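Bear in mind these aren't lab numbers, they're just calculated from the coordinates by the rules spelled out. Nothing here was measured: the structure is a model prediction, and the numbers come from that model. Note that we place each Cβ from the backbone using ideal geometry, even for glycine, and neighbour counts take in every protein chain shown.
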């Protein structure tokens, strides 16, 4: 008799601790999509059991429970996505008034803009003026060649150079927000010490 | 003469107050500043704020710590002050755990927590300016977001 009650109490306790075996497992589904401009970012899905990185558009991962690693990325087709997410997607607000992003590239180890980027600068300047923007972010970066502190300094110089160029072109200093990240945030992931022109850049974000 | 002097003092005080209120950026913890705004609603959607339930309508401000809940036919789209876009389908519950967008102080953070439902998320400036500051949480998982767009479905109990 006593053994039985201990068993029952034990089961109830076990049930409470584990969330009960009969309960439907919770399940998350996460799908990566490309940005409106076509660029694709990265999401990292983490549970107590481990992490899964997704960096290809249309790929998904599922989470069964807290203790399991999210499933390996699987591609979903358009219909599968629509079946589940049609109403969430149609509730998305109008994208037309979002910020603009321009990326200016630099010559190796310098604050000199590449030839193409001079045109992009003019384009960015034009947009700040037509939008009458009072919020422009100027964010400096470098590639992965050299030390962290050297590159931090270089990215700072690049960002300040662009900021000053905007100011001398008639943009009010108060509208410009400068930040810089050295080698820590490459646009294209590379091994350390790899020369990569696409990472030598200043991002200009206009609202 | 005295009267004019007084007027100047009052006017400068008013100007000072105005300046202070304009300069104050979205502050982190007090939860009393709007962090997003409702841009699209259909069906029944409510916002739970400090124990009170508010019907969601276009233009309604969303605050930090607000919980959004869509009904069986409801859906909602909101835009955060950093241009992060979030929309939710029917039967969804989501809380704005944390939102800080203060470029002048270099402070950025967005943490959303979804209990159930479906959502579409599109990163805004926070992800661009501080890539490790954006998180989306579910009861089982935490999603780190690096400048991107994704869909999520969370099955409740």
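Give the order of A:27, A:185 when sorted by the count of other beta carbons within 10 angstrom, beginning with the fewest.
In order of increasing Cβ crowding within 10 Å: A:27, A:185.
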Distance between segment B:48-118 and segment A:118-170 - C-alpha centres, whole angstrom: 32
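Using DSSP, restrict attention to beta bridges with both residues in segment A:99-206 and report what percent are antiparallel, rounded to the nearest 5.
Taking every DSSP beta bridge with both residues in segment A:99-206, the antiparallel ones total about 70 percent.
Using a 10 Å cut-off around each Cβ of peptide B:35-44, what is the average number of partner chain Cβ atoms that fall inside?
2
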Top of A:170, A:38, A:140 by mean-square fluctuation, Gaussian network on chain A, Cα under 10 Å: A:38
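State, as an integer percentage, the relative contact order of segment A:99-206 based on alpha-carbon contacts under 8 Å between residues 6 or more apart.
43
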GNM result for chain A, Cα springs below 10 Å: residue of A:99, A:85, A:177 fluctuating most strongly: A:85
Average other protein chain Cβ within 10 Å of Cβ, residues A:40-49: 6
Cβ-based exposure ranking for B:33, B:148, A:46, in which fewest neighbours within 10 Å come first: B:33, A:46, B:148
Helix A:148-168 vs. chain A, principal-axis angle (Cα, 0 to 90°, nearest 10): 60
Computed E for residue B:54/residue A:169 - FRET, C-beta separation, R0 56 angstrom, nearest 0.05: 0.75
